[in-house]
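Please read through the structure below; I'll follow up with questions.
The values are calculated or read from the model by the stated rules, or taken from the named source; none is laboratory data. Values in this document were obtained by computation on a predicted structure and should not be read as measured data. As a convention, Cβ positions derive from the backbone with ideal geometry for all residues, glycine included, and neighbour counts pool all protein chains shown. In case anyone asks, the SASA skips ligands and DNA or RNA and just uses the protein heavy atoms, side chains included. Shrake-Rupley method; radii C 1.70, N 1.55, O 1.52, S 1.80 Å.
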Amino acid sequence: MAGPAPVGRAAAWLLALVVGLGTASCSGSSDDDSTDDPARPGGAAVAPAAVDIGDVGTEADPLRIGVVVSVTSPSGEGQDWLEGAQGARVAEYRLDSGGGVVDLVVVDDAGTANGAATAVEQLVEAGVAGIVVATSGSHVAGALESAAAGGTALLLPYYRGEAALPDNAFRTGPTANDIDAALLAGLGLQGLDKPFVLTADGLRADGVGSADALEYRGRNVEKLARRIITSRIRGSIDSVVIAAAAANQAEISSALRGQADDLPVVMTPEATTPTFGSSLDADAGTIASRFSSAGVDASDTTTMTNTREADAVAAFFAALRLAAADPAATDLFGDAPFADAAAEADTASHDAVMSIAAAAASAGSVQPAEVLAALAGLSVDAAQGLAGPTLDFSDSDALPGESVVPLLATVQDPGVRPPAANGGGARLFWFALGPEAG
């Protein structure tokens, strides 16, 4: 079977946009700290969107970064993260704006182990400085096996598999244990201790614990909903935990609507993807409900707080808005305006690209072996342009476990993204769940 083919290259080098740009504010003078900024609602204008972290490529020798995505995939094998992976383009835009020359090389692995292995082989042969595997699921093992003997860094912002990572691979997102701990903490904060645990698509929520548990195989969701309601009436459950791909999470949540609208639903991070909101809206006609999940507090709602973390995320959204307004900026695949994809880009893929750039700057080289050597042991934070927590590459799991927290959903849009193309789909926004939730 033929391997996956590149689905696009980054657009030609973007012009530096920061000359004379005091801040990325869209609504006022940079001299007025009280100015409302779309990237920081009600707060101070954010820092410049561009990132200058040293040698990140030249016209003659650009920093080339591979990005593996799953444009299509079996359920649970990475397609949920495709839209969020547009954050990689935001990182490229910021680095180019800061004076670097960065080229993203994007390959589709089709959500299969063979496709993932072939994608990594193609990118290594192309001589990229590092690879962001912007997908998830068991098929990512193919990418890890393919890369194990190589000298190119692999960064994994979405993969939660428990298999040991090769020396050149680094997880920049939460581990499965991190997610389980945060889900359990979220249940506790809401005063819940008897969840009905549903699993599907090879995803699990181990460690949450339950007297009621079931693997959902995608058949007769109405019967499943009746079983859950019966368990609730009997008093054996007080909530539902769903570990599944976003579309199945939405299908189950929709089936419960009208029968148990007040039943708390706790979900693995697939619920934080745009796919969940749009699928739920299509199934149920509304997305409002009591949903919680787990992840990093580095998203739209984070900008509404007065913290250093909010400043870092606001800088990401300022860059996102600039890229969306730039007619020369394209989406991750280079075949559509970035404005069409800006409503979905996330910080996880952005931070993975930024980390490779930081390693290249530290090495003073874009050669993969030198970038990998510089990355191992490197600590990367907001000073190098990260939107999320500090990543410590002295460990294969670079994201500190304490950075993974319970999240609660809201339908209130903080307004830091440009409007979605053609109105977009329904979307949930997620904020850190505090002790007051109980």
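Scan (1) outside any helix (DSSP H, G or I); (2) farther than 15 Å from Phe333 by Cβ; (3) not polar (S, T, N, Q) for the single condition Asp80 breaks and write down its number.
(1)
Of everything in segment 122-138 that's touching a strand residue (DSSP E or B) at 6+ places or on another chain (Cβ under 7 Å) and either among the β-branched types (Val, Ile, Thr) or not in a loop (DSSP other than H, G, I, E, B) (or both), which residue is surrounded by the fewest Cβ atoms within 10 Å (Cβ to Cβ)?
So, considering only residues that are touching a strand residue (DSSP E or B) at 6+ places or on another chain (Cβ under 7 Å) and either among the β-branched types (Val, Ile, Thr) or not in a loop (DSSP other than H, G, I, E, B) (or both), the one surrounded by the fewest Cβ atoms within 10 Å (Cβ to Cβ) is Gln122.
Can you find a residue in segment 280-296 that is at pLDDT 85 or above, under 20 Å from the mean Cα position of the chain (by Cα) and over 22 Å from Ala426 (Cβ atoms)?
Yes: segment 280-296 contains one or more residues that are at pLDDT 85 or above, under 20 Å from the mean Cα position of the chain (by Cα) and over 22 Å from Ala426 (Cβ atoms).
Just give me the residues in segment 353-374 being farther than 21 Å from Gly99 by Cβ, of a type in the set (A, V, I, L, M, F, W, C) and open to solvent by less than 50 Å² (accessible area, probe 1.4 Å), in sequence order.
Pass one, segment 353-374, residues farther than 21 Å from Gly99 by Cβ: 368-369, 372-373.
When the remaining residues are screened for being of a type in the set (A, V, I, L, M, F, W, C), the result is 369, 372-373.
If the condition is that a residue be farther than 21 Å from Gly99 by Cβ, of a type in the set (A, V, I, L, M, F, W, C) and open to solvent by less than 50 Å² (accessible area, probe 1.4 Å), then Leu372 is the only one that fits.
If you don't mind, there's one more thing I want to ask. Does Asp103 meet the test of being open to solvent by less than 10 Å² (accessible area, probe 1.4 Å), over 30 Å from Ala315 (Cβ atoms), modelled with pLDDT of 95 or more and of a type in the set (D, E, K, R)?
Numbers: open to solvent by less than 10 Å² (accessible area, probe 1.4 Å): yes; over 30 Å from Ala315 (Cβ atoms): no; modelled with pLDDT of 95 or more: yes; of a type in the set (D, E, K, R): yes.
Considered against the rule, which asks whether it is open to solvent by less than 10 Å² (accessible area, probe 1.4 Å), over 30 Å from Ala315 (Cβ atoms), modelled with pLDDT of 95 or more and of a type in the set (D, E, K, R), Asp103 comes out as no.
Next question, about the same structure. So, Thr307, is that one open to solvent by less than 10 Å² (accessible area, probe 1.4 Å), over 16 Å from Ala420 (Cα atoms) and not hydrophobic (A, V, I, L, M, F, W, C) or not?
On the way: open to solvent by less than 10 Å² (accessible area, probe 1.4 Å): no; over 16 Å from Ala420 (Cα atoms): yes; not hydrophobic (A, V, I, L, M, F, W, C): yes.
So Thr307 fails the test.
When only residues in segment 215-245 that are open to solvent by 60 Å² or more (accessible area, probe 1.4 Å) and assigned to a loop (DSSP other than H, G, I, E, B) count, which is nearest to Thr268 (Cα to Cα)?
Arg217
Now for a different question. Would you mind finding the one in Ser34, Ser73, Ser30, Ser25 that is under 25 Å from Asp340 (Cα atoms), at pLDDT below 60 and not hydrophobic (A, V, I, L, M, F, W, C)?
Values: Ser34 fails: under 25 Å from Asp340 (Cα atoms); Ser73 fails: at pLDDT below 60; Ser30 fails: under 25 Å from Asp340 (Cα atoms).
Checking each option against the conditions leaves just Ser25.
Considering only segment 174-214, how many residues are at pLDDT below 90, open to solvent by 50 Å² or more (accessible area, probe 1.4 Å) and outside any loop (DSSP other than H, G, I, E, B)?
2
Could you please find all residues in segment 163-173 being open to solvent by 10 Å² or more (accessible area, probe 1.4 Å) and within 12 Å of Ser136 (Cα to Cα)?
Arg171
If you go through segment 266-273 one residue at a time, do you hit one that is in contact with a helix residue (DSSP H, G or I) (Cβ under 6 Å, 6 or more places away or on another chain), among the aliphatic types (A, V, I, L, M), modelled with pLDDT under 95 and crowded, with 24+ Cβ neighbours inside 10 Å?
No: zero hits.
Report every pair of residues separated by at least 6 positions or lying on different chains whose Cβ atoms are under 8 Å apart, first residue within segment 401-419 and without any contact (Cβ under 8 Å) to a residue 60 or more places away in the chain, second of a type in the set (Asp, Glu) and buried (at least 20 other Cβ atoms within 10 Å of the Cβ).
none
Going by what's in this entry, would Thr199 be described as under 26 Å from Gly434 (Cβ atoms) and among the hydroxyl-bearing types (Ser, Thr, Tyr)? Working first, answer last.
Working: under 26 Å from Gly434 (Cβ atoms): no; among the hydroxyl-bearing types (Ser, Thr, Tyr): yes.
No; evaluated as a whole, the condition is false for this residue.
Which condition from (1) open to solvent by 30 Å² or more (accessible area, probe 1.4 Å); (2) acidic (Asp, Glu); (3) closer than 27 Å to Ala324 by Cα is the one that Asp80 breaks?
Result: Asp80 fails condition (1) only.
So, in segment 312-342, how many residues would count as being surrounded by fewer than 20 Cβ atoms within 10 Å (Cβ to Cβ) and in a helix (DSSP H, G or I)?
The first filter runs over segment 312-342 and keeps only residues surrounded by fewer than 20 Cβ atoms within 10 Å (Cβ to Cβ), leaving 325-328, 334-337, 340.
With the extra rule that they be in a helix (DSSP H, G or I), the set shrinks to 325, 340.
Adding up the residues that qualify gives 2.
Of everything in segment 342-398, what is closer than 20 Å to Asp55 by Cα, touching a strand residue (DSSP E or B) at 6+ places or on another chain (Cβ under 9 Å) and charged (D, E, K, R)? Give them in sequence order.
Of everything in segment 342-398, those that are closer than 20 Å to Asp55 by Cα, touching a strand residue (DSSP E or B) at 6+ places or on another chain (Cβ under 9 Å) and charged (D, E, K, R) turn out to be Asp351, Asp381.
Report whether or not Leu63 is crowded, with 17+ Cβ neighbours inside 10 Å and either at pLDDT 50 or above or in a loop (DSSP other than H, G, I, E, B) (or both).
On the way: crowded, with 17+ Cβ neighbours inside 10 Å: yes; either at pLDDT 50 or above or in a loop (DSSP other than H, G, I, E, B) (or both): yes.
It is true that Leu63 is crowded, with 17+ Cβ neighbours inside 10 Å and either at pLDDT 50 or above or in a loop (DSSP other than H, G, I, E, B) (or both).
Please find, among Ser299, Ser254, Ser292, Ser279, the residue that is crowded, with 23+ Cβ neighbours inside 10 Å and either free of Cβ contacts under 8 Å to residues at least 40 places away in the same chain or touching a Cys at 6+ places or on another chain (Cβ under 8 Å) (or both).
Details: Ser299 fails: either free of Cβ contacts under 8 Å to residues at least 40 places away in the same chain or touching a Cys at 6+ places or on another chain (Cβ under 8 Å) (or both); Ser254 fails: crowded, with 23+ Cβ neighbours inside 10 Å; Ser292 fails: either free of Cβ contacts under 8 Å to residues at least 40 places away in the same chain or touching a Cys at 6+ places or on another chain (Cβ under 8 Å) (or both).
Matching residue, one of Ser299, Ser254, Ser292, Ser279: Ser279.
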